[in-house]
Amino acid sequence: MENRINIQQVEPAAYQAMFGLEKYLSTIKLDPILLELIKMRASQINGCAFCLNMHSIDARKIGETEQRLYLLNAWRETTLFTEREEVVLALTEQVTLISNHVSDEIYDKAAGLFSEQELAQIIMAIVTINAWNRIAITSKLMVG
């Protein structure tokens, strides 16, 4: 497989805007593990090898376990994730698969476990990784 268009070179202003979202995410106070779980789960759903590779490395660097990473796509079948992580994973799935819409049940659970600011940050993290996935997949960014 060969890379397609290099959007960063062709449209650097667009990439800078995306990096602006990443810079914002680097300033929020959400648990970094939670952010990496969001990035991993959305990237699993979207099939983005580039992002899965990057974020599995990042997650391990901040203490995420191999076991949880291996079982992330089957998180409902384990007891390895906290209630807050489970709700965020469910929300990540619903936002990523947006054509099915975000259910009131999942949104209300998230709103009950997180402050409005945290919930806004979670939504922005989900939206951002989905945008990166779409860029990486469409342009065929290669791992390595």
Residue list for region 101-126, filter: surrounded by fewer than 14 Cβ atoms within 10 Å (Cβ to Cβ), in a helix (DSSP H, G or I) and of a type in the set (S, T, N, Q) = 117
key: Breaking point among (1) out of contact with any Ser or Thr (no Cβ under 6 Å at 6 or more places or on another chain); (2) touching a residue at least 40 places away in the same chain (Cβ under 8 Å), for residue 106   = (2)
ask   = Any residue in region 106-127 that is basic (Lys, Arg) and touching a Lys or Arg at 6+ places or on another chain (Cβ under 6 Å)?
value = no
inquiry  = Pull out all pairs, ordered by first then second residue, where Cβ-Cβ is under 7 Å, the residues are six or more apart or on different chains, the first lies in region 14-26 and is more than 12 Å from residue 132 (Cα to Cα), and the second is charged (D, E, K, R) and surrounded by 11 or more Cβ atoms within 10 Å (Cβ to Cβ).
reply    = none
message = So, in region 51-80, exactly how many residues are more than 27 Å from residue 120 (Cβ to Cβ) and touching a residue at least 40 places away in the same chain (Cβ under 8 Å)?
response = 1
request  = Pull up region 27-46, narrow it to residues that are among the polar types (S, T, N, Q) and free of Cβ contacts under 8 Å to residues at least 60 places away in the same chain, then point me to the one that is nearest to residue 137 (Cα to Cα).
outcome  = 44
task = Kindly list, by first and then second residue, each pair from a residue in region 81-100 that is outside any helix (DSSP H, G or I) to a residue that is buried (at least 17 other Cβ atoms within 10 Å of the Cβ) and modelled with pLDDT of 95 or more, limited to pairs with Cβ atoms under 6 Å and residues at least 6 apart or on different chains.
result = 81/75
query = Among the helices (runs of 4 or more DSSP H) contained in region 9-77, which hold 2 or more residues that are of a type in the set (Gly, Ala, Ser) and buried (at least 16 other Cβ atoms within 10 Å of the Cβ)?
reply = 32-46, 49-61
inquiry  = Would you confirm whether or not region 114-126 contains a residue that is over 22 Å from residue 24 (Cβ atoms) and of a type in the set (Gly, Ala, Ser)?
reply    = no
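The values are calculated or read from the model by the stated rules, or taken from the named source; none is laboratory data. As the structure is a computational prediction, the values presented were derived from the model and not from experiment. Note that each Cβ is placed from the backbone with ideal geometry, even for glycine, and that neighbours are counted across all protein chains shown.
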